[in-house]
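Asker: A single structure is presented below for examination.
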Amino acid sequence: MANNTDGAQAQERTTLGYEQARDELIEVVRRLETGGQTLEESLALWERGEELAKVCRHWLEGARARLDAALAEEAGQED
């Protein structure tokens, strides 16, 4: 069962864009801060927020790797 969840999470990281994940994460945080949800709803929102944060982290790490590679290539050409 964990493998299915891991696969779904990995697929979401590749299909959900950074901006979409960020915007949804902002909305999740807003809803959590506002309150008024049941404990179960709050837990579901928290879990969704964690997944969205992973998606954002995945995109940012990829962007960092691309920047590092470009900078390394540029430094190599200067030598």
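Listed here are the residues, each with its yes/no results for (1) under 27 Å from Asp6 (Cα atoms); (2) surrounded by 12 or more Cβ atoms within 10 Å (Cβ to Cβ).
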position: Ala21; (1), (2): yes, yes
position: Gly35; (1), (2): no, no
position: Leu39; (1), (2): yes, no
position: Ser42; (1), (2): yes, yes
position: Ala53; (1), (2): yes, yes
position: Arg57; (1), (2): yes, yes
position: Ala69; (1), (2): no, no
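Asker: Follow-up question, since we're still on this one. Assuming Ala75 fulfils every condition listed in (1) part of a helix (DSSP H, G or I); (2) at pLDDT 95 or above apart from one, which condition is it?
Answerer: All conditions are met except number (2).
Asker: If you go through region 1-27, how many residues are in a helix (DSSP H, G or I) and at pLDDT 95 or above? Write out each step before concluding.
Answerer: Step one: of region 1-27, the residues in a helix (DSSP H, G or I) are 2-15, 18-27.
After this cut, where a residue has to be at pLDDT 95 or above as well, the list is 18-27.
Final tally of qualifying residues: 10.
Asker: Within region 28-37, does at least one residue satisfy the condition of being closer than 19 Å to Thr15 by Cβ, among the basic types (Lys, Arg) and assigned to a helix (DSSP H, G or I)?
Answerer: No: zero hits.
The values are calculated or read from the model by the stated rules, or taken from the named source; none is laboratory data. Given the structure is predicted, the values throughout are model-derived calculations rather than measurements. Using ideal geometry, Cβ is built from the backbone for each residue, glycine included, and neighbour counts are taken over all protein chains shown.
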